[in-house]
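Everything on this sheet refers to the single structure shown next.
The values are calculated or read from the model by the stated rules, or taken from the named source; none is laboratory data. Since the structure is predicted, the reported quantities are computational estimates derived from the model, not experimental observations. No Cβ is skipped: glycine too gets one built from the backbone with ideal geometry, and neighbour counts run over all protein chains shown.
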Amino acid sequence: MLPYTENIIQKPSEYTYFKFSQKTQERIYEDEQNRILIDEESLPSTAFFTFFNSQNIVNSINFSDDGHLISIGCSDSSIRLYDFKKTQIVNGMNPQAKLLGHCGPVFSTNNSPDFKWLVSGSEDCSVRLWSLDYPSCIMSFNEHDGPVWDVQYCPLEYYMLSSSYDRTARLWTSKQNKSV
């Protein structure tokens with residue numbers, strides 16, 4: 001049996017108890033040692049990298065949860081993907097892929113938890129599902145009557161949410177070509 005330690009956190013007129021194993025306590029300690037203080041004085045004042053996009057407006061930008069993939073939704077209806085796992089950051093870095101398929105500016109992108117799919121929303125009233133293994137559109141959802149402002153991928157991997165100017169939010173599944 002693992003040894004446990006009890007820690008008491010006191011709040012006004014109540015107590016909360018936590019029990020941590022020795023291994024968990026060590027992980028918490030390591031995590032605390034690796035934290036960086038972020039405040040006004042410690043934040044850097046210059047940009048780490050600038051994405052130059054001379055012809056088009058950048059409407060949205062999204063980091064993957066692992067921090068390796070950046071997707072940029074542009075006003076020319078394209079989505080540009082930058083994969084930091086496969087390329088090094090250098091001046092004038094080109095996108096890893098350029099996704100084409102929307103007929104209007106792309107307002108939002110979001111990737112799946114398994115990093116295989118990307119969902120996008122556009123002024124063309126569509127939500128599109130893209131394969132990141134073979135960068136191409138594999139499904140288009142067209143039930144909105146107005147521009148799609150935001151899209152989110154659910155942690156359950158095959159559900160997506162979208163919100164639109166048509167005053168609706170829709171839940172989609174990659175298993176069928178219509179909202180749930």
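Things to note:
- Scanning the stretch 96-116 for residues that are in contact with a strand residue (DSSP E or B) (Cβ under 6 Å, 6 or more places away or on another chain) and either of a type in the set (Phe, Trp, Tyr) or surrounded by fewer than 16 Cβ atoms within 10 Å (Cβ to Cβ) (or both) yields a total of 4.
- Note on the stretch 116-180: enclosed strands (runs of 3 or more DSSP E) holding 2 or more residues that are without any contact (Cβ under 8 Å) to a residue 60 or more places away in the chain, in the same structural domain as residue 103 (by TED's automatic domain parsing) and in contact with a Lys or Arg (Cβ under 6 Å, 6 or more places away or on another chain) are 136-141.
- Across the stretch 75-94, a minimum of one residue is classified as more than 19 Å from the chain's Cα centre (by Cα), under 15 Å from residue 59 (Cβ atoms) and charged (D, E, K, R).
- Within the stretch 97-108, the set of residues being over 19 Å from residue 179 (Cβ atoms) and not in a loop (DSSP other than H, G, I, E, B) comprises 97, 98, 99, 100, 106.
- Filtering the stretch 130-149 to residues that are modelled with pLDDT of 95 or more and either among the aliphatic types (A, V, I, L, M) or touching a Gly at 6+ places or on another chain (Cβ under 7 Å) (or both) leaves 148, 149.
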